[in-house]
1. Sort the following peptides by mean Cβ neighbour count (other Cβ atoms within 10 Å, averaged over residues), highest first: 218-226, 204-212.
2. Suppose every Lys and Arg Cβ carries +1 and every Asp and Glu Cβ carries -1, with no other charges. What dipole size does the chain come out with about its Cα centre, to the nearest 20 debye?
3. About the Cα centre, and with charges only on the beta carbon of Lys, Arg (+1) and Asp, Glu (-1), how big is the dipole of the range 133-232? Nearest 20 debye, please.
4. What area, in nm² and to one decimal, does the C-alpha convex hull of the range 133-232 cast on average over all directions?
5. Under 18 Å from a point 7 Å along the Cα-to-Cβ line of residue 211: which residues of the range 169-196 have their amide N that close?
6. Show me the ranking of peptides 165-173, 37-45 by mean Cβ neighbours inside 10 Å, starting with the highest.
7. Let me check against my output: what whole-number percent is the relative contact order of the range 6-120, with C-alpha pairs under 8 Å and at least 6 apart?
8. Using only helices, what value at 222 nm comes out for the chain when you add -39,500 (n - 2.57) per DSSP H run of length 4 or more and divide by the total residues, to the nearest 500 deg cm²/dmol?
Amino acid sequence: MQGLPISFSQCRHRLAGGRVLTLFTGRLAVAGPVLPAQFEQWVCAADMQRAGRFRDPVVAGRYLASHVLLNRALAEVLGPGFSPEQVLRDAMGKPYLPGRPVHFSLSRSDNYTVAAVSRGHPVGVDIETRMDLSIAREVAGRVLGREESEAWRRLGDTAALEAFRAIWCLKEAILKVSGEGLSRDPGEIQLARDAAGWRLLRLPEGYGDCFEWELGRADPERGFPGVFYAVKNRPEG
C-alpha cells in the first residue's frame, strides 16, 4: 500500500481451537479529508458522506483512512470480487456483508487504527490510546459493575490504569459484536481476571452464554497499542 495516507500491516492471531483472527493495523498520517484519487476506490459514497459530518478535518481524514484500511482488509480476505459498496449497515448501524460468512470490526484511536476479520465468528475489536487514571476514575461508575469496581479500587495506580483500559476495550469489543455499542450500559457486562486472562461472568440478555465468548489481547507490532478483541465462538452466517 505504498503511498497511502496510512502504513498498513497484517498479522494472524491464534485463537482457541486453532482458529485464526486476522488483524490489519494502520498508522494514520493524514492532515485533511481528501484522499488521493487513486485511493478513492477503497471508500464508497456513504463513507465520504459520513466523513463530511466531522467538523475537524483531521478527524475526517482519519475516518476515511481507517475505512481505506478496512476495505483493503476485506479485499485481501475476500478476493477481487469485493467492493466497498457491498458493505451495508443494519438497523443499529453495524456494518456487515450480506450473504458472506465473514465478520469484521474496526477501531480507531488518535492516529492508530485496526481492523479484524473473522470467518464465521462474530468479532469486535477496540484500541484506546487516550486514557489516564483521572479519566478512568471519572467514568468508572458508568463502566464498572459493583464487583469490578470493588476489585479495581484495590489496585495500585499503574495496575488500575491497565486494568481499566482492558475492561473498557473488552466491553466495547463485546458491544460492537452485538451492534448496540455504548447505547447499552457497559455495567451490564461483568468481567474478572485470573491467571488465564480476562473472562466473562455476566452478559446482558440476548448475548448468549459466557462460555461462548473468547476475550483477549493481541500485540500485532512493536509500538502499536494493544488490540483487545471479543469473538463469539458460536458460528453465524
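Here, each number is a calculation from the coordinates, and none is a lab measurement. From a predicted model like this one, the values you see are computed outputs, not experimental measurements. Virtual Cβ from ideal backbone geometry, glycine too; neighbours counted across all protein chains shown.
1. Packing proxy ranking, top to bottom: 218-226, 204-212.
2. Once rounded to the nearest 20, the dipole reads 240 debye.
3. My answer is approximately 200 debye.
4. On the way: hull surface 27.1 nm².
Quarter of the Cα hull surface area: 6.8 nm².
5. Only 192, 196 pass the distance filter.
6. 165-173, 37-45
7. This gives 28 percent for the range 6-120.
8. Helices in the chain give a 222 nm mean residue ellipticity of -9500 deg cm²/dmol.
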